[in-house]
Amino acid sequence: MGGRSGCLFCSPSFTGIKTKPLSSYTFPSFSFTFSPHQPHSLSFPKLMSQPLTLNSAPLAEPDTDSSAAPPLFDYHSIDQKLLENIVYDALVWSTLNCLLVGDKSVQRSGTVPGVGLVHLPLCLLPGPFPESHWKQACELAPIFNELVDRVSLDGKFLQESLSRTKNADEFTSRLLDIHSKMLQINKKEDIRLAIVRSDYMVDEKTNSLLQIEMNTISTSFALIGCLMTGLHKSLISQYGNILGLDSNRVPANNAVDQSAEALAKGWSEYNDPRAAILVVVQVEERNMYEQHYISALLRDKYHIKSIRKTLAEVDQEGEILPDGTLSVDGQPISVVYFRAGYTPKDYPSESEWRAGLLMEQSSAIKCPSISYHLVGTKKIQQELAKPGVLERFVENKDHVAKLRACFAGLWSLEDSDIAQKAIENPELFVMKSQREGGGNNIYGDDMRENLLKLQKAGSEEDAAYILMQRIFPATFPAILVRDGNWSTGHVIAEAGIFGTYLRNKDKIIINNESGYMVRTKVSSSYEGGVLPGFGVVDTVYLT
């Protein structure tokens, strides 16, 4: 399990794939009335709710002759002139609907809103995804929500399962130190709030939906997932008669609304109308617009104030009042929403660690708490896959069976037989570290060399890794758009299903499947974090 996941890989330039800059095209002038074609459950702040009309010379109606339609999903066969128009319309839609991030080539883009904007790297049209597996993933969400909560309450299990990892991984060790201090003072989290995301691929060899990881902290791209749904529905409504696509086969998506609702209901359960929601952010954040959007929903729909602070700012401005209230710059805090804190890079000094401990000791609701954070580590994912462990936390036998059905093979490097098999057959395994944020998986010859090195060292450094079964999903042709350029390639997709969970003592207030996001990457690559420059955002087309 993990934080901000990045299990796919796609080179930033899509090396070896046909590319063509849009600046080389000549586009016709056109006129249309803009409609975002968002699913009905996605609501926008007022500034985005009004239609926008662009007036210029009209664009000719597209040729609807069925003979022009390429075979379903064979996007590489789309007529080039038609493709140019679709890409152009996709970029216009992305700009009008804020499917944007800060451009990393612009120095201030991660700190100053509105500076250096660029569209998200995206898949132009959705790829096929089996509807039966989609329903399976959605049905698993509330079961996983409950599992995360149950495991979080077993402090002994968390500490013991991660004890070897603590000796090998300094970051995990520091997280465990905070958790241990909460156990020592018997700190109870009566109100527990989670916004999680479980990521899946469909293994072509076994036709099985298999979980990549569970993300329990800073689960990003709720808004991006909704916007991509809107983009693909819009493009299909315009071009679907040519392409043979039906926009109703792209699932509706309300991830950002449900994330905001979970935070708002957590705020309500805290029951202090003076309090604000604290959004803990990184010093530089190119994806700040998604975070600001959630804050806008909290303000406009729920009349809840939110403030943004880095960990260092929380250390400088924060204190715990005598009644346990967290106060930051004089503002009482009801909910701490972490959009940072999942990677060692977020803790460059002791100041950030002091902030983490301070927030954990307070009465504020943490999203996530340190216990929920630890449940998301890959080592806990591997421990839960062991025979008999799930039954420790889940009484419902049907739920146990559904969870086990989606578990890929997961092993500790302490298992010398499995480690040897991975050395002999590196193409069948992935070596995963506890690090989050993308680019941390090890494959092929690199994995073999690392395993041999760890065996020779004979230390506990192997506890910083797990081995996972390599998943082989089906590939499909796609058009990928990055920095205004389009590329063709054969890709694979990873679907992330969001879950929201809120509990106050014995009362479950929310336990929902809460929308989705999809990342796609070139099939020949390994990692897929979108913002690091590897993958692209996408949706699915149910088949």
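The values are calculated or read from the model by the stated rules, or taken from the named source; none is laboratory data. Bear in mind that the values here come from a model prediction, so they are computed numbers and not experimental data. All Cβ positions, even for glycine, are placed from backbone atoms using ideal geometry, and neighbour counts span all protein chains on display. For the accessible areas, the whole protein counts, side chains as well, though only heavy atoms, and no ligand, DNA or RNA atoms are used. Shrake-Rupley method; radii C 1.70, N 1.55, O 1.52, S 1.80 Å.
A few remarks follow.
- Equivalent ellipsoid semi-axes, segment 409-470, via Cα gyration tensor eigenvalues times 5, rooted, Å: 15, 14, 11
- Heavy atoms of C98 accessible to a 1.4 Å probe, total area in Å² rounded to 10: 60 Å²
- Carbon + sulfur, % of accessible area of segment 205-315 - ligands and nucleic acids excluded, 1.4 Å: 45 percent
- Approximate spin-label separation E391-D74, in nm, with each point projected 7 Å along Cα-to-Cβ: 5.2 nm
- Where R308, R274 fall by accessible area, highest first, once all protein chains stay in place (1.4 Å): R274, R308
- Cβ-based net charge around M201, under 12 Å, with every Lys or Arg adding one and every Asp or Glu removing one: -1
- Amide H within-cut-off set for I479, under 5 Å, with H built and near neighbours excluded: L124, L125
- Overall shape: oblate for segment 329-397, with the ratio a/c of the largest to smallest alpha carbon gyration tensor axis at 1.5 or above and b/c at least equal to a/b.
- Rolled with a 1.4 Å probe across the full set of protein chains, the surface gives T377 an accessible area near 10 Å².
- Highest mean first, the peptides 336-347, 111-122 sorted by other C-beta atoms within 10 Å per residue fall in the order 336-347, 111-122.
- Residues S349 and E204, FRET efficiency given R0 of 41 Å [Cβ-Cβ distance, rounded to 0.05]: 0.30
- Residues of segment 409-470: accessible area per residue with a 1.4 Å probe, Å²: 48 Å²
- Straight-distance candidates among the lysines for linking to K507, with alpha-carbon spacing under 25 Å and chain neighbours fewer than 8 residues away dropped: K156, K187, K188, K265, K301, K366, K397, K402.
- Computed over protein heavy atoms with a 1.4 Å probe, the carbon and sulfur contribution to the accessible area of segment 101-158 reaches 55%.
- Carbon and sulfur %, accessible surface of segment 409-470 computed with the full protein complex present, 1.4 Å: 42 percent
- Note on W267: accessible area approximately 50 square angstrom, rounded to 10, probe 1.4 Å, nucleic acids and ligands left out.
- Residue order by solvent-accessible surface for K305, K233, K453, K397 is K397, K453, K305, K233, largest first, with ligands and nucleic acids left out and a 1.4 Å probe.
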